[in-house]
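The values are calculated or read from the model by the stated rules, or taken from the named source; none is laboratory data. Note that the structure is predicted; figures quoted are calculated from it, not measured. Cβ atoms come from the backbone with ideal geometry, glycine included; neighbour counts cover every protein chain shown. Quick note on the areas: whole protein, heavy atoms, side chains included, nothing else; ligands and nucleic acids left out. Shrake-Rupley method; radii C 1.70, N 1.55, O 1.52, S 1.80 Å.
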Amino acid sequence: MNETIRTIILLYLVATSLLACDDLESVVPVTNDQVAGTGALYILSDGNYSLNNSTLSVYDFSTKAFTPDFFQAKNGRKLGDTGNDLQRYGSKLYVVVNGSSQVEVLDARTGKSLKQIPFFNNATARQPRSIAFWLDKAYVCSFDGTLARIDTASLEIEDIITVGRNPDGIAVSNNKLYVSNSGGLDYGSALGYDNTVSVISTETFTVDKQIVVGLNPGRIKADNFGYVYVSVRGDYKTEPSQWVCIDTHLDAVSARYDFAVTNFDLSGDRAYFYSYDETSKQSTIGVFNLQTKTVETNAFITDGTLLKTPYGITADPESGAIYITDAGDYISSGDVYCFTGNGVLAYKLTDVGINPNTVLPVSDFKPINGTATDTTSMEGIEHVFYFTPAPGQFVGVYPAYATGESVEQMRAKAESKLKSGSLVSLGRFGGSLTFAFRTAVNNAEGSDFRILGNAFSNSAEPGIVEVSEDVNGNGLPDDAWYELAGSEYGKSTTKHGYKITYYKPEQKNDSVAFIDNDGSSGFVTAYYPTWQGDSVVCQGTLLPPTAIKNELGYWISNSLSWGYADNQPNNSSLNGFDLDWAVDANGNKVTLSKIHFMKVYTAVNQNAGWMGELSTEIGGAENLHP
Amino acid sequence: MRIPIFVKLTLAGVFASVLQGIAQNQPSPEIVTVDSIPAYRIGEVTVVSADKNSANPAVSPLQVLDRKNLQGLSAEQVGDAVKYFSGVVVKDYGGLGGMKTISVRSMGAQHTAVSYDGIVLTDCQTGQTDLSRFSIENVDLISLSIGDGNSIFQPARAFASSGVLTIRTRRPVFEKKERLNGKVGFKYGSYGQKELNVFGAYKISDIWSASLSVLSQKAKGNYDYRLYYGNGKDDFTVVPRINNEVRNLRIESALIGQFGGERELEIKTYYYDSDRGLPGAVILYNPSSSQHLWDRSAFAQAHYEQPLGKTFSVQLNAKLNQTRQHYLNPDYLGSSGAEDYSYRQEEAYASAAFLYKPLTGLSFALATDGALAGMSCNLKDFSEPTRYSLLTNLSAKYVNEWMLATASVLGTGIRETTVNGPSARAIGRISPAFNLSFQPIPGCDKLRLRGFWKSSFREPSFNDLYYSAIGNTALKPENSEQTDVGITCALPLKVHQLGLNFSADAYRNNITDKIMAVPTRNMFIWSMVNLGKVEISGVDLNLEVLKKWGRNTELLAAWTHSYQRALDMTDPTSKTYGQQIAYAPRIYGSGRLQLSVSALKLGYALLYSGHRYVTGQNIEQNDLPAYTDQSLSAEYAIPRAFGTVVLRGELQNLADVNYEIVRNFPMPGRTFRVSVRFDF
């Protein structure tokens, strides 16, 4: 028996060690072009059929980072199976997930999920396909032949009506909804494809008319001139493909074009489409003028760029860019090509997801690190009044200083950095930043605003925050300042009214001399903010040194309990500031109903060995009670 | 002649080698009882001794799991048992009702023939066999031969595939004076599994005997599994697998006539009726599942062989087969409200084979097979094809004490007609094969080297050719070319009552004109084309050790391990070029332990597989993690007055992990089964 047990263990060990010598390795996808810009690109990919691998990816232009499964990274769960449509309306993004039969509603700027709306008829999945918007309602058509109306404030389904068979697309024009009924699931039966577009009034939410367009209508979009275009795919045997134009004033077909349009998008006065040519067995990308109703070119791409399988096409009216996705072999991951309006390739993003179908630029993209308390209405730093850092190892680096730049130029740089979510370093004790949000911060229940930094649990560089109300109403921070008393305010180790003066060194890299009002003087190794003049005077409350060397010889700086900037991590609930903490110069409590200006300054004066000095870093701020 | 006597003397050795799992298996055996243990005698003249004392002379990799080995596994179906062969990856959709198909050395399921009691099963609709249809209950032996085996006296169809999986069911066998024997058993298991099986064998006369078996099974299959909604370790909820019930019934009968002098007739009938829910892939946030499948199939086959004088033997085989399948999807969003498809396939098959032995050690065989197969279904405008196949195989074999060589050439002609629409193009192919096994050290029979080269193909299935808009009647067959070199050795250590058998094979396979579905203009229009090229190279290892203590105690340990590089070499511009093909692990293997102490038999089995990718693009997002699956079995036989009561317990997937072989089809967690059987 012992031998048996030993042999069992031996077998199992052999198996597990053999599994460790598996030389099958994942292929690392090519890293993408480093494209700069503002905001981000959301990319929705279908995934493979029933593999639950539909993805919503984000390419962030400010960090130049691509997150393949952004939805999961943001929301802790996967998007599901076959996401077919992605659109933005107001501050929200709507993702129609066909296989999982859900509509996901996200905050457009952060990608955080607000609601998941299931589309089921008792136990049967409706399989939603496309979405369109009018006023304060969203309309989703589903493959089970229904059209649902959702209220965009409550995000509840209000009403469901029946349209044609297997609706594929929906467009809105002239106060009416146009739904293309493909009938695709009846291709094998005697009934065959559907051939109509249903016209629904948004006021009564009833089907007013059915327009016969041709077999198997699919993609449908409205232009700005009162016309709706629908791609009619035929039955792939005898009935041909067409591109059909509907006049929304007459609700009748006004023109038919003999292109086999597989997909298209409308922007301004142009339609960008790609069609498949039976004789050459090629797809060509063309441009159609919506005013003159003629084809401008059948060869949109002018620089010779070749796409294997054009799949999705998006024309961005804001930037004029045309995004075309390439699905490759429909099983492996696809790519996104960005072309200028002239058909020249601007850049390419490879391996974005499997069967990428929609590209959506979001110029006000602003991800928050960690949980947001209120994601629907967030405000960041609007204006920096003063940027006056003390000497520090990152002064002149975050932001960068070029010789000769002025105080105003550095202020502008700091403001720009903070508005795009980058870090600004305040240097050692006393270095400060004065800023404002777009609106006042109101004193309500709990934290009223928060400040983001780069703190972790054993790497805190606390800064003190002062606030001021614009009493004289001139929009300038020249009113009384009050300190927000943090957890250390009343302790004997905290020194109030500390003042230190730093002096500009002769040479740029020389040590910086200082004198304080505690009787100390000496030199510190740090970069001096040259644009500030010959000396920098800093005063305020001094916190005791927070950095210590642990038993392994590492310098650690543990967080203080609460009430300081760059102290607790950004996803902690302890990095908020409550206006109830305001005190005057003598430590008496002050009642403030709202404030307009904030000042943050580094509140510790310490060198942590090789780590250098402790200096408060700011990455942004949020007004929680605008 | 020396050889037949040698064969008779090594019967005990043959059976011992059958115990070891590496033995010779012939398709037309005669049952002889030796010490009331059934053994198979080799009908064809050849050197057998594949016992633990000398190296296995098989010219190509041959693995066997006999009744005793199968006892040590907690396998319910043939599809579970074949996972313990090296070179085999089973695509298992999970549970009793889940489909299981076998792919040998990554060539694909359509390249492996499944032979049931000597005759190859065919499914012209899909081209592959679902191994979940065959229960282990009355199976005596499962063997896998990659490439051609040592035997040339077989129907031509046995030479037509890259490998043959042979299933041999229990034959009526009687001890002296016994006229009736059999068993009645009842099994109960997790997730509502209940099973009744009855087997009876009756000796009608000295020449004729008959058997009948009835197996009725049902299970709910509602196992709990972890549904992962995110990639984190803790991102799951536990939900039951729904719509996974299965009920099936199998009735088989056999009539055997043994006329003496190697003349034998065997007639078998088989009836299978199953009714199962299809749970489908797990789709996040959409738990609806209502698809259902009914299967009914029946076949009757006959086998007759006899010698003609001293130098000739003849073998005749015939089979009639009908399969019906009914698929229902009541939640279909088309206007009919449901997908309701009925399919029907029928085949008539006949084969004649001759063996000619002009000289000692030299033999020739000629076999001709003809088959007529047709399919109908209720799909609109379905083609209703009829396939006419004619196969002729000519083989030569030379054998002596230290070497065995065979050469074959198979000619295949296939023609089709249809009722509606175009029919497939006619196929005419010549497929040769060469096999060799020899002792490199003269006089030493403990070590042998072997090698084979085989060219074969698989014809397109009816689905490939005629299915709706996808089918392509211009398809050509898919080619497979195999090259293998191997070594077998045996190390008996008599003093310790220990026997060891080892084999290692390195191979290279090329698949060309691989039939694949590619999209055309858009996602809805796909087409089957001959496009793919796969280059497969690998190593298969098998080791068995048998240790005895005294007369009553023995321990068998077996280990298989496979390494395979199966690379897609179709299109250098594609994102899958040079990468491992979908669902093919780089390494995988198994381990088995069986301990017998008198009437108690204990078994431990282990399956392991390295990670693999769900599509041909080997990126992180497509990764399916590695897994292990361990199981235990225990059996205790209590002899009683007129029979034996056998108590058995099995515990499968000890670690209770819902691993996936096919993505989104989770396997059941820990499963137990207990059974009581009365052998009389």
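Below is a table of values for the structure above.
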| quantity | calculated |
| --- | --- |
| 18 Å cut-off, amide nitrogen to a point 7 angstrom out along B:A405 Cα→Cβ, residues in the range B:328-369 | B:358-365 |
| The range A:453-569 shape via C-alpha gyration tensor axes, a/c threshold 1.5 | oblate |
| Chains A and B together, accessible area buried on both sides, 1.4 angstrom probe, square angstrom | 5600 |
| Helical mean residue ellipticity (222 nm; -39500 (n - 2.57) per DSSP H run of 4+; nearest 500) of the protein assembly as shown | -1500 deg cm²/dmol |
| Once the Cα gyration tensor of chain A is diagonalised, semi-axes √(5λ) in Å | 56, 30, 25 |
| Delta accessible area of at least 40 Å² on complex formation, residues of the range B:271-302, 1.4 Å probe, chain isolated as reference | B:I283, B:L284, B:Y285, B:N286 |
| Across A:K78/A:K112; A:K237/B:K514; A:K221/A:K366, pairs whose alpha-carbon gap is larger than 22 Å | A:K237/B:K514; A:K221/A:K366 |
| A:Q34 paired with A:E551, simple spin-label distance in nm, labels 7 Å along Cα-to-beta-carbon | 4.4 |
| The range A:498-581, relative contact order in percent, only Cα pairs under 8 angstrom and at least six apart counted | 20 |
| Amide H contacts under 5 Å for A:G183, placed H, 5+ residues apart | A:R165, A:N166, A:D194 |
| Gyration tensor over alpha-carbon atoms, chain B, equivalent ellipsoid semi-axes in Å | 37, 31, 27 |
| Over the protein assembly as shown, volume per residue of the alpha carbon convex hull, in Å³ | 220 |
| Alpha-carbon gyration tensor eigenvalues x 5, square-rooted, for the range A:35-98, Å | 21, 14, 10 |
| Residue mean of other protein chain beta carbons inside 10 Å, B:584-595 | 4 |
| Dimensions (Å) - the range B:98-189, Cα atoms, principal axes, largest first | 47, 39, 22 |
| Principal axis dimensions, the range A:59-181 - Cα atoms, whole angstrom, descending | 45, 34, 24 |
| Shielding score for A:92-101, defined as the mean number of other chain Cβ atoms within 10 Å | 2 |
| Calculated over the range B:306-382: convex hull of Cα atoms, volume per residue (Å³) | 121 |
| Kirkwood Rh and Cα Rg combined as Rg over Rh, evaluated for the range B:559-679 | 1.18 |
| Rounded to 10°, Cα long-axis angle of helix A:407-419 versus longest principal axis of chain A | 50 |
| Computed Kirkwood radius, in angstrom, where 1/r is averaged over Cα pairs of the range B:300-439 | 18.7 |
| Pairs from A:K74/B:K575; A:K74/A:K491; B:K91/B:K233; B:K100/B:K397 whose Cα-Cα separation, in the structure shown, is over 31 Å | A:K74/A:K491; B:K100/B:K397 |
| Projected area averaged over orientations for the range A:153-249, convex hull of C-alpha atoms, nm² | 7.0 |
| Cα-based reach from B:K357 at 20 Å (exclusive), listing aspartates and glutamates while leaving out same-chain residues under 8 positions away | B:E30, B:E44, B:D148, B:E262, B:E264, B:E305, B:E401 |
| Between helix A:2-20 and chain A: long-axis angle, C-alpha atoms, 0 to 90°, nearest 10 | 90 |
| Ranked packing of B:662-671, A:427-436, most packed first, by mean Cβ within 10 Å | A:427-436, B:662-671 |
| Spatially proximal aspartates and glutamates relative to B:K68 (Cα-Cα < 13 Å; intrachain offsets below 8 disregarded) | B:E137, B:D140, B:E554, B:E635 |
| Whole-percent pair-distance distribution, where bins are 10 Å wide, for the alpha carbons of the range A:245-374 | 11, 38, 31, 14, 5, 1 |
| Candidate aspartates and glutamates - alpha carbon under 13 Å from A:K504, same-chain residues fewer than 8 apart omitted | A:D534 |
| Ordering of B:347-353, A:441-447, B:549-555 by burial proxy (mean other Cβ atoms within 10 Å per residue, highest first) | B:347-353, A:441-447, B:549-555 |
| With every protein chain in place, chain A: carbon and sulfur % of accessible area (1.4 Å) | 51 |
| Calculated FRET value between A:L345 and B:Y577, using beta carbons and R₀ = 30 Å, to 0.05 | 0.80 |
| Inter-chain shielding of B:409-419 (mean C-beta neighbours from other protein chains, 10 Å cut-off) | 0 |
| Average accessible surface area per residue within the range B:433-528, 1.4 Å rolling probe, Å² | 42 |
| Over chain A, relative contact order from alpha-carbon pairs under 8 Å, at least 6 apart, % | 10 |
